[in-house]
Amino acid sequence: MGYTSAAELARWRERLGRLSLDRTKLEDDELVERTLAGDLRSYEELVRRYERLVWRVLYPYSRREVSAEDLVQETFLRAYDRLESFNPQYRFKTWLLAIANNLGVDTLRRRKETIEFIPEVHSGHESSGPEDEAVEADRSRSIQRMVVDLPESYSVPLILRYAEGLSYAEISEVLGISVPAVKSRLFRARNMLANRLEESGEVL
């Protein structure tokens, strides 16, 4: 029986380490590094971590859920192809969302369709029963109808800021515009919604 060399043992230890590693505990930058080294499971973790957020950003650019899902897949394919260009000085999340937003804009230019935006609307009080929940659901649908005509230049910043909690600087990175421009778009979007809500008798 022959002896196993030290190099072979090292390779086996590395393989076992890859299998047993809990990637959910790794930082984004570590997952990127491991992906570039050939560990596709690390990229699968990045997809799992951000696919829902990417979907939320892309939905305003699509008219049907299946279209948004297709755009999500295309976003992660593009990100994988460009992974070597990722600068670890920035957050992976904002880099990824910038790719998603650019894809959405390209898709919108091709389709030239009305944008549909469904924000998450939170009431100012707790629902106390089925009747309150039904009223709140009707109110949410009413607000959704009011914002359907908002262009993506307003709907996407709203999603990133109020649904996802991104900072102005992060939204600036995603959209490729200045922080003052981000604040201006959010201000104008809120005013547009407030005017429509006031006309309809609704209150945010």
Taking the stated definitions as given, is LEU97 crowded, with 19+ Cβ neighbours inside 10 Å and at pLDDT 95 or above? no
Given the residues SER167, SER172, which is the only one that is within 21 Å of the chain's Cα centre (by Cα), modelled with pLDDT of 85 or more and surrounded by fewer than 16 Cβ atoms within 10 Å (Cβ to Cβ)? SER167
Restricting to the stretch 151-197, count the residues that are in a loop (DSSP other than H, G, I, E, B) and among the β-branched types (Val, Ile, Thr). 1
Could you tell me whether LEU204 is at pLDDT 80 or above and not in a helix (DSSP H, G or I)? no
Go through (1) at pLDDT below 90; (2) not in a helix (DSSP H, G or I) one by one and return the number of the condition ALA137 breaks. (2)
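Answer yes or no: is there a residue in the stretch 80-92 that is farther than 25 Å from ILE177 by Cα and not basic (Lys, Arg).
Among the residues of the stretch 80-92, not one is farther than 25 Å from ILE177 by Cα and not basic (Lys, Arg), which makes the answer no.
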TRP55 passes all but one of (1) over 17 Å from THR94 (Cα atoms); (2) under 15 Å from the mean Cα position of the chain (by Cα); which number fails? (1)
GLU199 vs. criteria over 19 Å from the mean Cα position of the chain (by Cα) and at pLDDT below 60: no
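The values are calculated or read from the model by the stated rules, or taken from the named source; none is laboratory data. A quick note: this is a predicted structure, and the numbers were derived from the prediction, not measured. With ideal geometry, Cβ positions are generated from the backbone for all residues, glycine too; neighbour counts draw on all protein chains shown.
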